[in-house]
Amino acid sequence: MSARFTTLAALVLCGVSGVSAQQKHEIETTSRWVDGTSLEISAVKYPVGSYTVLLKFTERQNTRQSPTFRTVMRGSNQKLLTVAPINAEQPVRCGYRYYYIRGYRHPKLDSAFVYRLPYSTSHEPVTVRELYNLNERHFEGKPVRGWKVWQFMLNEGDTVFAMRKGTVVEIHDGEAPAQAGLQSTYRSRENSILVEHPDGTLCRYSVLENGSLTVAVGDMVYPGTPLARAGTYYEGGERQVRTAVYFPDENPAYDETTPQNGSVFEWVYYNPWFATAGGDTRLQDGAAYRAATSAELVRKEMTKKEIKQRPES
């Protein structure tokens with residue numbers, strides 16, 4: 001499984017954007033003069049969900065602006081910062097590159113938080129497999145921080161359920177299984193759902209059955225919300241769902257002089273605790289687990305209004 005992300009570098013000089021108009025970016029910056037001397041930089045965000053925005057200033061004249069500015073953008077429009085002059089009688093002169101990525105750095109992780117397993121509590125114990133990083137093993141890619149992706153072996157027709165409360169921020173559907181005989185264990189495109197959790201982590205559910213997705217972008221899901229049916233990579237293959245919990249961080253090895261060697265951002269993976277019939281546990285490769293749930297688990301991140309609207313939870 002490969003988690004997808006986008007970063008963008010755009011050069012902006014004195015409020016005039018240098019972004020190419022070849023495609024519509026997820027985030028676009030704008031700027032305007034304030035009192036003829038200060039430069040106010042704002043941004044427009046088109047997708048649902050949170051994004052980390054990073055500005056790296058390439059030129060700073062008549063200002064004490066820090067060379068780096070970072071923030072989290074949640075709404076569709078947001079003022080990022082105002083670059084103020086040292087000499088109020090002269091305008092600032094600055095240039096910057098901006099980068100962005102879905103999610104936000106340093107989410108408020110609760111290491112004891114318990115997730116629900118992504119299948120029915122009435123299902124027989126399900127075997128779990130830990131998947132390796134294809135890029136690292138076969139293409140000499142660098143290790144991914146905290147890499148942890150789980151594969152749950154299910155049956156045809158099995159429903160995949162949300163593991164934690166969150167907002168659906170991306171969906172991809174329409175991918176049919178590969179032709180029988182072409183039994184690859186990895187495909188670059190697969191049916192998937194991406195959910196942003198309240199603590200800022202993201203969870204991707206992938207290898208979902210084509211046409212079975214029951215949620216849309218912007219929907220709120222809770223532990224136990226049906227998402228789709230388990231899918232397969234190839235015709236007649238094993239039914240499964242793959243899950244990964246992760247968040248972005250800045251890449252400490254990034255070098256702007258050799259950007260082809262990496263991205264300004266990188267993913268950090270997280271291995272949560274799960275509720276099972278045998279108690280809360282961290283999953284082990286090759287073990288089998290029966291899913292468990294409780295009202296406390298489902299309601300843990302609900303607001304009072306949500307609990308009132310969903311008394312069955």
Would you mind pulling out the separation of the Cα centroids of region 252-310 and region 224-243, in Å?
19 Å
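Step by step: find N for region 31-133, compute 2.2 N^0.38 Å, then divide the Cα radius of gyration by it. What's the final number?
Numbers: Rg = 21.6 Å, N = 103, 2.2 N^0.38 = 12.8 Å.
Scaled against compact globular proteins, the figure is 1.69.
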In the neighborhood of R282, defined by Cβ-to-Cβ distances under 12 Å, what is the net charge if each Lys or Arg adds +1 and each Asp or Glu adds -1?
-2
Region 234-293: C-alpha gyration tensor shape, a/c 1.5 cut-off, then a/b vs b/c
oblate
Accessible surface of region 185-313, 1.4 Å probe, proportion on carbon and sulfur as whole %:
47 percent
Put a dot 7 Å past each Cα toward the Cβ at A216 and T71; how far apart are the dots in nm?
3.1 nm
Given +1 on the Cβ of Lys and Arg, -1 on the Cβ of Asp and Glu, and no further charges, what dipole in debye does region 196-260 carry about its Cα centre, rounded to the nearest 20?
440 debye
Checking the cross-link filter: which aspartates and glutamates have an alpha carbon closer than 13 Å to that of K165, excluding same-chain neighbours under 8 positions apart?
E196, D199, D219, E296, E301, E306
Which residue, F247, G218, G237, has the largest displacement toward the positive end of the dipole of region 213-285 when charges sit on each Cβ (Lys, Arg +1; Asp, Glu -1)?
G237
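Probe of 1.4 angstrom, ligands and nucleic acids ignored: what's the accessible area per residue over region 66-157, in square angstrom? If you can, show how the numbers build up before the last one.
Values: 4940 Å² over 92 residues.
That works out to 54 Å² per residue.
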Modelling each spin label as a point 7 Å along the Cα-to-Cβ direction, I'd like the N155/Q90 distance in nm, to one decimal.
7.7 nm
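In nm, what is the difference between 0.36 nm times the number of residues separating I307 and E59 and their Cα-Cα distance? Display every interim value, and only then the final one.
Values: separation 248, 0.36 × 248 = 89.28 nm, distance 5.13 nm.
Taking I307 through E59 to full extension adds about 84.1 nm, to one decimal.
Mind checking the per residue accessible area of region 186-313 for me, 1.4 Å probe, whole number of Å²?
In whole numbers, region 186-313 has 45 Å² accessible per residue.
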Summed over the other residues with a beta carbon less than 15 angstrom from that of T159, with K and R at +1 and D and E at -1, the charge totals -1
Mind computing the radius of gyration and Dmax over the alpha-carbon atoms of region 94-135? Å is fine for both.
18.9, 62
Provide the net charge surrounding T243, with neighbours chosen by a C-beta distance below 10 Å and charges set as Lys +1, Arg +1, Asp -1, Glu -1.
+3
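The values are calculated or read from the model by the stated rules, or taken from the named source; none is laboratory data. Everything numeric in this text was worked out from a predicted model, so none of it was measured. Ideal geometry is used to build each Cβ from the backbone, glycine not excepted, and the neighbour counts take in all protein chains shown. Each accessible area value is taken on the protein alone, full model and side chains, heavy atoms only, with ligands, DNA and RNA left out. Shrake-Rupley method; radii C 1.70, N 1.55, O 1.52, S 1.80 Å.
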